[in-house]
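Here is the structure we will look at.
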Amino acid sequence: MLKKFAFTLTGFIVVVLTLGAVKVAQIKQMSSMPHIVPATAVTTIEATSVAWQPVINAIGTLAPVEGVTLSADADGVIVKIAAENGAAVKTGDLIILLDTSVEEAQLNAAEARLSLAKLQNGRAAELAAKNTISAAEADAATAQLNQSAADVTALKATIDRKHVHAPFDGRVGIRLVNLGQFVARGRALVPLQNLDPIYVNFTVPQRQLSTLSIGQKIGLRVDAFPEPFAGVISAINSEVDSATRNVSVQASLANPQERLRAGMFVQVEVELPPGAPQVVLPATCIAYAPYGNSVFIVEKMKGPDGTEYLGARQQIIKLGATRGDLVAIESGVNPGEQVVTAGVFKLRNGVHVQINNSVKPSADAAPKPANT
């Protein structure tokens, strides 16, 4: 019985040792084989050199060339509104009339006194020539004539102040008062603006002041309209804001249909002189990092055993201007190099890659996403 048990144990040990020897041989064989990491699928784009028109981007506000809120120059009740909301008016057109009935009655009385003063002054002059009256009496008659004429002039001016006229050609806004309403002196009545041409006011950093000049072209975009508008710089402020270190700039542009309105928010692009061509890549190529931005360039590499493979080389770059989905590269990438556009964040330097450009990310300098 003991012999049988010993034989069985011996056989079991032999089987275990045999299996262990086979497993060790397999491990040695696998460890001797070269370790190949599976290729990472990426999309690429060939770096191209493009001559971009350099611009200065700024945020601006539209302002009228001439714009006021007309106000009452005297107390009174509104008896006539001659220009309705939104009406176009010319210089001197009547817009609002205040009640002048009392002043007109006073004017009639003053004109009557003036007529009498003229007659009395004429008689006094005749009598003074004959030495019938004293010089003092003649002077009093002349003074009375002048005073009566001044009274008439003053009343006419008071009546004229109750006629609110357009000081320039423009368009009336929404009035702030109604017919029959009593208004005090200084009360705002109605806005009036001249919108053709129209100004755009914006600011730029002081470091860009040397690139600005009178007559320089600008482009303008407004959310309300899809097409851009063109204008020229008409004024540059003579001082720089000490708080923001920005300089104020004003440009003018034609607005014949008055589609642009004062107060609109606008995006301004100031065109600069053409610069040298530079490499432009989609923004998806960039791996942003605190220590420096980089891209991955696909090129042939050699492995430890000397075999060639397609790998990704990480390259530190310097970024330039951005337009839509595209970014200018000031240094780090040469034209003609293949740059990874998708799959950047799963790569590392020297990794094996496989190019698959069947589907590429969009790259447009002026993207128009769907309105969701």
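Of the residues in region 164-175, none is in a helix (DSSP H, G or I) and not basic (K, R).
Go over the candidates L253, L260 one by one and state the one that is out of contact with any Pro (no Cβ under 8 Å at 6 or more places or on another chain) and of a type outside the set (K, R).
After ruling out the rest, the residue left standing is L260.
Per the conditions (1) in contact (Cβ under 8 Å) with a residue 60 or more places away in the chain; (2) in contact with a Ser or Thr (Cβ under 8 Å, 6 or more places away or on another chain); (3) not in a strand (DSSP E or B), the sole criterion not satisfied by R113 is (1). The strands (runs of 3 or more DSSP E) found entirely in region 52-110 that carry 2 or more residues being within 26 Å of G263 (Cα to Cα) are 55-71, 94-98. For A135, the requirement of being surrounded by 15 or more Cβ atoms within 10 Å (Cβ to Cβ), at pLDDT below 90 and farther than 30 Å from E84 by Cα is not met. Tallying residues that are in contact with a Leu (Cβ under 8 Å, 6 or more places away or on another chain), part of a strand (DSSP E or B) and not hydrophobic (A, V, I, L, M, F, W, C) within region 203-253 yields 2. Need pairs with beta-carbon distance below 6 Å; first residue under 19 Å from Q216 (Cα atoms) and within region 233-255, second in a strand (DSSP E or B) and of a type in the set (F, W, Y); sequence gap 6+ or separate chains. Close Cβ pairs satisfying both conditions: V249/F202; Q250/Y199; S252/Y199; L253/F229. Pairing residues of region 132-148 that are assigned by TED's automatic domain parsing to the domain that holds S115 and without any contact (Cβ under 8 Å) to a residue 12 or more places away in the chain with residues that are of a type outside the set (G, A, S) and in a helix (DSSP H, G or I), at Cβ distances under 7 Å and at least 6 apart in sequence or on separate chains, gives I133/L127.
Condition check ((1) of a type in the set (G, A, S); (2) loosely packed, with under 10 Cβ neighbours inside 10 Å; (3) modelled with pLDDT under 90) across all residues:
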residue: L2; (1), (2), (3): no, yes, yes
residue: G20; (1), (2), (3): yes, no, yes
residue: V24; (1), (2), (3): no, no, yes
residue: M33; (1), (2), (3): no, yes, yes
residue: V42; (1), (2), (3): no, no, yes
residue: A47; (1), (2), (3): yes, no, yes
residue: N85; (1), (2), (3): no, no, yes
residue: A88; (1), (2), (3): yes, no, yes
residue: V102; (1), (2), (3): no, no, yes
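Taking I78, is it touching a residue at least 24 places away in the same chain (Cβ under 8 Å), buried (at least 16 other Cβ atoms within 10 Å of the Cβ) and either among the small types (G, A, S) or assigned by TED's automatic domain parsing to the domain that holds V339 (or both)? Here the answer is no, as I78 does not meet what is asked. Please go through (1) closer than 30 Å to A72 by Cα; (2) in contact (Cβ under 8 Å) with a residue 40 or more places away in the chain for R259 and return the number of the only condition it doesn't satisfy. For R259, the failing item is (2). Within region 283-302, being in contact (Cβ under 8 Å) with a residue 40 or more places away in the chain and small (G, A, S) holds for A283, A287. Which pairs have Cβ atoms under 7 Å, sit 6 or more apart or on different chains, and link a residue in region 160-171 that is more than 15 Å from I198 (Cα to Cα) and without any contact (Cβ under 8 Å) to a residue 60 or more places away in the chain to one that is of a type in the set (G, A, S) and not in a strand (DSSP E or B)? Partner pairs satisfying both residue conditions: none exist. From the list P205, P226, P197, the one residue that fits, being of a type outside the set (A, V, I, L, M, F, W, C), over 30 Å from I96 (Cβ atoms) and in contact with a Ser or Thr (Cβ under 9 Å, 6 or more places away or on another chain), is P205.
Just checking, how many residues over region 306-340 are farther than 30 Å from V270 by Cβ and free of Cβ contacts under 8 Å to residues at least 40 places away in the same chain? Final tally of qualifying residues: 7. Taking (1) free of Cβ contacts under 8 Å to residues at least 24 places away in the same chain; (2) out of contact with any strand residue (DSSP E or B) (no Cβ under 8 Å at 6 or more places or on another chain) in turn, P273 satisfies each apart from (1).
Against the condition within 23 Å of V50 (Cα to Cα) and out of contact with any Cys (no Cβ under 7 Å at 6 or more places or on another chain), how does Y309 come out, does it pass? No: the conditions fail for Y309. If you go through region 155-190 and keep only what is under 30 Å from the mean Cα position of the chain (by Cα) and crowded, with 16+ Cβ neighbours inside 10 Å, you end up with G170, R171, V172, G173, R175, V190. The residues of region 341-364 that are without any contact (Cβ under 8 Å) to a residue 60 or more places away in the chain, over 18 Å from A283 (Cβ atoms) and either surrounded by 11 or more Cβ atoms within 10 Å (Cβ to Cβ) or among the charged types (D, E, K, R) (or both), listed by number, are R348, N349, G350.
The values are calculated or read from the model by the stated rules, or taken from the named source; none is laboratory data. Keep in mind that what you see is a predicted model, and the values were worked out from it rather than measured. Methodologically, a virtual Cβ is constructed for each residue, glycine included, from the backbone with ideal geometry; neighbour enumeration extends over all protein chains shown.
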